[in-house]
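K.L.:
Take a look at this one; I'll ask things after.
Please treat every number below as a calculation from the coordinates, not as lab data. All of these numbers come straight from a predicted model, not from anything done at the bench. Using ideal geometry, Cβ is built from the backbone for each residue, glycine included, and neighbour counts are taken over all protein chains shown.
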Amino acid sequence: MRLYLVRHAQTAWNREGRAQGHTDVLLDDTGRWQAEQLGARLATEPIERVVASDLTRCRETLAPLLALRPIATEYRADLRERTFGEMEGEDYRKLHDFLVAESARTGEPAEAVRPPGGESVLDVRLRLEPFMARLVEAREPTLVVSHGGTLAQILSTLIKGGWETARSFRFANASVTELSRRPNGAFVIERFNETAHLESALEAAGVT
């Protein structure tokens with residue numbers, strides 16, 4: 001069984017370093033180009049099922065692939081990024097500083113701290129549990145399109161790591177991470193954060 005994890009293509013807020021969370025930000029021009037290259041990259045893969053975040057940036061990322069090759073697709077709210085509540089739209093550095101300061105003030109571990117009206121890392125992990133229970137039992141080759149922080153938690157769960165393991169993973173916009181599952185049920189990372197489809201397209205266009 002093959003499993004493909006894809007982060008959505010670029011938005012203006014990605015480019016500006018702003019926390020998006022559940023805010024429904026559209027892809028920018030670069031993101032739409034990335035989605036086209038991604039669609040061509042995935043069109044020949046043996047994908048039989050797609051599950052994706054229901055936010056527009058993930059839907060737009062999937063659109064070129066589905067135009068080339070219709071695949072049964074399910075959009076799910078539980079695959080959204082962590083919501084940052086009142087701090088959505090803020091610079092990530094400001095968000096980080098707030099979370100660190102709040103952890104020091106309250107004595108809570110960083111993974112349990114919530115921005116005002118938002119979720120903690122542990123909240124996201126809990127939110128994903130029903131989906132993960134289904135994903136690890138899937139038999140058909142599956143594509144998951146989601147967000148950087150959410151994908152980090154999904155990948156760490158698949159390889160039986162804790163929430164801390166997710167800190168080691170960074171996913172580029174429109175990147176592809178591929179896993180295979182062994183007969184004993186263990187998942188193996190075959191490719192991580194692959195962006196060759198974007199780089200080769202830039203080279204072909206004479207952009208370096």
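K.L.:
Between beta-carbons, use under 14 Å as the cut-off and find the net charge around G161, counting Lys and Arg +1, Asp and Glu -1.
P.N.:
+1
K.L.:
Have a look at A77, T142, T106 and report the one farthest towards the positive end of the charge dipole of segment 76-144, computed about the Cα centre with Cβ charges (Lys/Arg +1, Asp/Glu -1).
P.N.:
Farthest towards the positive pole: T142.
K.L.:
Follow-up. Using the Cα centre of the chain as the reference point, and only Cβ charges (+1 on K/R, -1 on D/E), how large is the resulting charge dipole? Debye, rounded to the nearest 20.
P.N.:
Details: 27 positive and 31 negative charges, 107 e Å.
Using only the charged Cβ atoms, the result is roughly 520 debye.
K.L.:
By how many degrees, 0 to 90 and rounded to 10, does the Cα axis of helix 29-42 deviate from the longest principal axis of the chain?
P.N.:
Tilt relative to the chain: about 50 degrees.
K.L.:
Sort out for me the Cα centre separation of segment 74-146 from segment 12-72, rounded to whole Å.
P.N.:
20
K.L.:
Compute the helix-to-body angle for 56-68: its Cα long axis versus the longest principal axis of the chain, expressed 0 to 90° and rounded to tens.
P.N.:
10
K.L.:
Once the Cα atoms of helix 92-106 and of the chain are each reduced to a long axis, what angle between those two axes, in degrees from 0 to 90 to the nearest 10, is obtained?
P.N.:
40
K.L.:
As a test of the definition: which semi-axes, in Å, follow for the chain when you take the square root of five times each eigenvalue of its alpha carbon gyration tensor? Largest first, please.
P.N.:
Working from the Cα gyration tensor, I get semi-axes of 28, 22, 15 Å.
K.L.:
Pull out the extension gain between A43 and K94, defined as 0.36 nm times the separation in residues minus the alpha carbon to alpha carbon distance; nm, one decimal. Each step should come with its number before you reach the end.
P.N.:
Values: separation 51, 0.36 × 51 = 18.36 nm, distance 3.92 nm.
Computed gain between A43 and K94 is 14.4 nm.
K.L.:
Between R139, R127, R80, find the one with the highest GNM mean-square fluctuation for the chain; connect C-alpha pairs within less than 10 Å.
P.N.:
Result: R139 has the largest fluctuation of those listed.
K.L.:
Here is a further query. Hey, rough spin-label estimate for D123 and F192, points 7 angstrom out along Cα→Cβ, what's it come to in nanometres?
P.N.:
Placing both labels 7 Å along Cα→Cβ, they lie 2.9 nm apart.
K.L.:
Does anything in segment 97-128 have its amide N under 19 Å from the 7 Å Cα→Cβ label point of V136, and if so which residues?
P.N.:
Of the residues in segment 97-128, 122-128 have backbone N under 19 Å from the label point off V136.
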